[in-house]
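Structure first, commentary second.
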Amino acid sequence: MKLDKVTSRKRSYEDACGTAHALDLIGERWALLVMRELMLGPRRFSDLRESLPGVSANVLTQRLEGLEEAGVLQRRKLPPPAPAQVYELTQWGLDAEPVILALGRWGARSPLQDPALPLSAVGMALSFRAMFLPERAIGAHLTLGLRTPRDRFRLAVSNGRIEIERSESGAVDAELTGEPGEIAGYVYGLSAGDPEGEGVLTISGDREAVNSFRGMVALPPMAC
């Protein structure tokens, strides 16, 4: 019944292909980016507006309602002392992570992609997961903190595997602090000038761990 409601409200490709039906469900503008922002945990409406500054409150509400009706996400109320309504992906929604990471790798190959555009904190964190090269991390073990003005993530590499989660605490080998775009630019070797000297990036702890991780990720070659 829920799926009938969704397809009756929106345009449909009227195609039995699973790819076409997936686009019926999550192909509206902003829908995939909402899912991206929820991949690392629940977010409030205001958090999503902040991470996606180009979306209006009305359109964001529509996308959240559509994704909820499709079974991709759900609403939940946090308990006191800070009661708030948050949105989180269902397990089925979380299952789309490989799709989002693959799209990120594919899109990064476009010569039209501009890495200087704004980047959300979750977009930064997921990019490291997408661009991680397991074969370069066999036998490696390290932890990094990634602190942006509004978020902190803990990144852990263990013998060819990478995990990233939101975490305000927890010991790490080193911590990078700055805007998401500055952290990503440094890790991928795209920084112009000296971000540390300019005061837009701070690195504390074991620099060798940071340098090791920089060697474990790489942007893909351009498609043409």
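Listed values, structure above:
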| read-out | value |
| --- | --- |
| Cα-based shape type of segment 112-214, given that a ≥ b ≥ c are square roots of the gyration tensor eigenvalues and the cut on a/c is 1.5 | rounded |
| Residue order, fewest to most beta carbons within 10 Å, for Asp194, Asp206 | Asp194, Asp206 |
| Longest DSSP-loop-exposure-free segment, trypsin sites (Lys or Arg not before Pro), the chain, at most 10 other Cβ within 10 Å | 30-224 |
| Around Asn159: net Lys/Arg minus Asp/Glu count, Cβ-Cβ under 15 Å | 0 |
| Residues Cys17, Cys224 arranged by fewest to most Cβ contacts within 10 Å | Cys224, Cys17 |
| Label-reachable residues, segment 127-151, where backbone N falls under 16 Å from a point 7 Å from Leu190's Cα toward its Cβ | 127-132 |
| Span from the segment 116-184 Cα centroid across to the segment 190-224 one, whole angstrom | 11 Å |
| Helical segments meeting 24 Å axial Cα length and Kyte-Doolittle 0.0 threshold in the chain (DSSP H) | none |
| For segment 112-214: relative contact order, % (alpha-carbon pairs under 8 angstrom, 6 or more apart) | 24 percent |
| Net charge over other residues, Cβ less than 10 angstrom from the Cβ of Ser191 (K, R count +1; D, E count -1) | -4 |
| Normalised contact order of the chain, rounded percent, pairs of Cα under 8 Å and 6 or more residues apart | 16 percent |
| Residue-averaged [θ]222 nm for the chain, counting only DSSP H segments that reach four residues, each worth -39500 (n - 2.57) | -10500 deg cm²/dmol |
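Computed from the coordinates by the stated procedures, all read-outs in this text should not be read as laboratory data. Note that this is a predicted model, so its numbers are computed, not measured. Please note: Cβ atoms are built from the backbone with ideal geometry, for glycine as well, and neighbour counts cover all protein chains shown.
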